[in-house]
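The values are calculated or read from the model by the stated rules, or taken from the named source; none is laboratory data. All values reported here derive from a predicted model rather than from experimental measurement. Note: ideal-geometry Cβ built from the backbone for every residue, glycine included; neighbour counts use all protein chains shown. Remember, those area values only see protein heavy atoms, side chains included, never the ligands or the DNA or RNA. Shrake-Rupley method; radii C 1.70, N 1.55, O 1.52, S 1.80 Å.
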Amino acid sequence: MDAKAIAQLLERSRYNVDILPDLEAYLDKQLNEKTYDLEANLAILKLYQFSPDKIKPQIVAKIVVKALMNMPNPDFLFTSSLIPEKLYNSEPISLLINLARLLESCRFTEFWTETSKVKELLSTVPGFDEAVRTFIISVLRMTYQTISKEYVGQLLNLSGAELDAYVNQNRISSSTVGDKTVLTFPLTEENQVKPKRVTENIRFDQLSKIILHKGTA
């Protein structure tokens with residue numbers, strides 16, 4: 001079923017557990033075709049709440065991964081609130097929740113290390129690394145004007161020719177400063193240092209007292 005057919009199905013039978021096979025098949029379609037339908041995926045989790053005997057942990061895990069790939073949007077928050085309680089503290093869900101926390105706190109090098117614990121699951125989700133790197137580079141663009149290329153490589157989990165290709169693909173300018181290669185991001189509202197404005201509010205009665213004091217001094 002395509003996205004339009006799924007939307008019609010949800011409109012007619014959102015709370016009918018019999019539509020689960022169609023929704024689960026549609027999730028696999030999203031994975032294979034690198035598409036994403038948050039509403040359909042949340043509908044699966046909601047139906048699992050109504051019918052715990054129908055829960056498939058691997059389906060839940062894949063939904064969580066797809067939500068992770070859409071950061072910084074709040075999809076992971078919506079998804080995690082519907083995760084069946086019995087799965088929340090068990091692997092691989094607990095590991096995926098930890099990955100989300102690492103991303104949200106910008107602990108990117110630690111994130112890549114931890115992905116090794118769910119390597120088999122992530123290998124079934126095409127485009128995961130690419131989506132996460134898009135999020136990471138967006139954070140760096142908002143934070144830095146210039147940054148060491150080597151450090152960026154650590155944060156993106158890329159090196160050598162792969163890192164060079166990524167920098168070129170994203171049109172990030174580079175230059176040599178001393179013995180280091182530095183990447184430069186375009187200036188944005190977020191990555192510029194802004195002068196701090198201090199505004200003092202003085203009431204009229206306070207001002208009159210000051211003027212009177214000076215007049216009698």
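For residues that are over 18 Å from Thr134 (Cα atoms) and surrounded by 11 or more Cβ atoms within 10 Å (Cβ to Cβ), tally how many sit in the stretch 177-191.
Qualifying residue count, the stretch 177-191: 3.
Quick grid of which residues meet (1) in contact with a helix residue (DSSP H, G or I) (Cβ under 9 Å, 6 or more places away or on another chain); (2) surrounded by 13 or more Cβ atoms within 10 Å (Cβ to Cβ); (3) modelled with pLDDT under 95; (4) among the aromatic types (Phe, Trp, Tyr):
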{"position": "Asp18", "(1), (2), (3), (4)": "no, no, no, no"}
{"position": "Tyr26", "(1), (2), (3), (4)": "yes, yes, no, yes"}
{"position": "Lys54", "(1), (2), (3), (4)": "yes, yes, no, no"}
{"position": "Val65", "(1), (2), (3), (4)": "yes, yes, no, no"}
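I'm checking my understanding of the structure. Among residues of the stretch 124-176 that are within 15 Å of the chain's Cα centre (by Cα) and of a type in the set (S, T, N, Q), which one is most open to solvent (accessible area, probe 1.4 Å)?
Going through the qualifying residues, I end up with Thr134.
Looking at the stretch 30-67 only, could you name the residues that are charged (D, E, K, R) and in contact (Cβ under 8 Å) with a residue 12 or more places away in the chain?
Result: Lys34, Asp37, Glu39, Lys46, Lys54, Lys56, Lys62, Lys66.
Is it the case, given these coordinates, that Ser159 is of a type in the set (Ser, Thr, Tyr), in contact with a Gly (Cβ under 7 Å, 6 or more places away or on another chain) and at pLDDT 95 or above? Give the derivation first.
Numbers: of a type in the set (Ser, Thr, Tyr): yes; in contact with a Gly (Cβ under 7 Å, 6 or more places away or on another chain): yes; at pLDDT 95 or above: yes.
Considered against the rule, which asks whether it is of a type in the set (Ser, Thr, Tyr), in contact with a Gly (Cβ under 7 Å, 6 or more places away or on another chain) and at pLDDT 95 or above, Ser159 comes out as yes.
Of all residues being among the aromatic types (Phe, Trp, Tyr) and in a helix (DSSP H, G or I) in the stretch 106-147, which is farthest from Glu91 (Cα to Cα)? Just the residue, please.
Phe135
Are there any pairs, at least 6 apart or on different chains, whose C-beta atoms fall under 6 Å, with the first in the stretch 91-102 and farther than 19 Å from Asn73 by Cβ and the second open to solvent by 30 Å² or more (accessible area, probe 1.4 Å) and not acidic (Asp, Glu), and if so, which?
The qualifying pairs are Leu95/Lys117.
Is it the case, given these coordinates, that Lys4 is in a helix (DSSP H, G or I) and either among the hydroxyl-bearing types (Ser, Thr, Tyr) or open to solvent by 20 Å² or more (accessible area, probe 1.4 Å) (or both)? Break it down stepwise before answering.
Numbers: in a helix (DSSP H, G or I): yes; either among the hydroxyl-bearing types (Ser, Thr, Tyr) or open to solvent by 20 Å² or more (accessible area, probe 1.4 Å) (or both): yes.
Yes: the conditions hold for Lys4.
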